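Participant: The structure follows.
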Amino acid sequence: MFKNRFVYFVIALFQIIIGTFLFSKVANAAEPKFMITWKSSNYAPSWFDGKIFPINNSSITVSFEAISQNKEDFGKILDLKDKEVRWYINGDQVGSGYGKKLFSFKNGDFSGSDIDIRISLEYFDVELEKSYFVDKYFVIPIKSPEIIIENKSFSSQYPIGSKINLRAIPLFFNSLPELLNIQWNINNKIIENIFPNLLEAQINIESEIPGNRIRVNVFGNKLGSPSESGASTIFLNIIK
C-alpha cells in the first residue's frame, strides 16, 4: 500500500511539474497588439478637428502596425514582411498578402450601418514554437452628409430692418463645397441669393411682424448624386 501511495505521489508531482512548465510557456507567450489607423477621403474643412466618418461611396484607407508584447522586444514594431496578412470586410475576405499592412476600399453601405473589419495576422510564437493567426476586430461607423448653418451675428433675435448674413458649412460630402448644389429657403420660399458663393446668404428683415419667427433652411446635394444630400434649419426671432 505504501508503494502504491508513493507511485501516485510521484505521478501527481510529475503532472504538477509538467503543468507548471506548460503554463509558464503559455504565460510568456504574448500575442502582439494592433495599432490601427483609418482615414476616409470625404470632405471636412481644415479647421474641423473631429473624426471624418465615411458616407456611402467614400474611399477608406486602413493601416496597422503590430506591436510586440514579448519581454525580449516589448513595444517594438514587428517586421511583417514574411508574415501573411488577411483582410476581411463584413465577414468576407477582400485581400491578403505578405506584410500587407495597408488596405483601401470604397464603402458601399449607408448611414445607420457599420463597417466590420477584421485583420488576421500570421504570428509565430517562439515560446510555443508554432505559427497561428491572430485576429483584430474593429468597427467604422457610417454617417450621412451634414450641413451646418453659421450665423455670424451670434444672435437669434432681430428687429425690423436687420440684415443677417449666414453661411452653410458642408461636412462629410464626397465632394468639395463649391461642387455642391445649394438652396436656401425662408419660410419654405426660395431665397434669391445676392452672393456669387451659394454657401452664403443674406436675410433682410423687412415686413415681418414682431413676435413671429422666421424659419431658415439650407439644403445641399452633390451634383449628379441627389441621394448624397444634407440639410439644416435655424429659427430667427423678430423683435420690436
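The values are calculated or read from the model by the stated rules, or taken from the named source; none is laboratory data. Please read these numbers as outputs of a predicted model, since none were measured by experiment. Here Cβ is always computed from backbone atoms with ideal geometry, including for glycine, and neighbour counts include all displayed protein chains.
Participant: For the subset of the stretch 205-240 comprising residues that are of a type in the set (Val, Ile, Thr) and within 30 Å of Ser58 (Cβ to Cβ), which member is surrounded by the fewest Cβ atoms within 10 Å (Cβ to Cβ)?
Facilitator: Only one residue fits best here, namely Thr233.
Participant: Quick one: Lys83 ticks every box in (1) under 27 Å from Asn42 (Cα atoms); (2) surrounded by 12 or more Cβ atoms within 10 Å (Cβ to Cβ); (3) basic (Lys, Arg) except a single one, so which number is it?
Facilitator: The one condition Lys83 does not meet is (1).
Participant: Filter the stretch 115-148 for residues that are at pLDDT 95 or above and in a loop (DSSP other than H, G, I, E, B); which is surrounded by the most Cβ atoms within 10 Å (Cβ to Cβ)?
Facilitator: Step by step, filter the stretch 115-148, then rank; the result is Pro145.
Participant: Now for a different question. Return the pair list, or none, for Cβ contacts closer than 9 Å from residues in the stretch 57-73 that are outside the structural domain of Gly95 (by TED's automatic domain parsing) to residues that are surrounded by fewer than 16 Cβ atoms within 10 Å (Cβ to Cβ) and among the β-branched types (Val, Ile, Thr), at least 6 apart or on different chains.
Facilitator: Matching pairs, first to second residue: none at all.
Participant: For the stretch 194-224: of the residues being small (Gly, Ala, Ser) and in a strand (DSSP E or B), which is modelled with the lowest pLDDT?
Facilitator: Applying the first criterion (small (Gly, Ala, Ser)) to the stretch 194-224 yields 201, 207, 211, 220, 224.
Checking the rest, the ones that are also in a strand (DSSP E or B) come to 201, 220.
Details: Ala201: 91, Gly220: 95.
So the residue we want is Ala201.
Participant: Quick check: is even one residue across the stretch 170-193 assigned to a strand (DSSP E or B), in contact (Cβ under 8 Å) with a residue 60 or more places away in the chain, in contact with a Pro (Cβ under 8 Å, 6 or more places away or on another chain) and closer than 20 Å to Ser41 by Cα? Steps first, answer last, please.
Facilitator: Step one: list which residues in the stretch 170-193 are assigned to a strand (DSSP E or B), which gives 170-171, 180-186, 189-190.
Pick out the ones that are also in contact (Cβ under 8 Å) with a residue 60 or more places away in the chain and you get 170-171.
Subset that is in contact with a Pro (Cβ under 8 Å, 6 or more places away or on another chain): 170-171.
From the residues that got through so far, the ones that are closer than 20 Å to Ser41 by Cα too are 170-171.
Yes.
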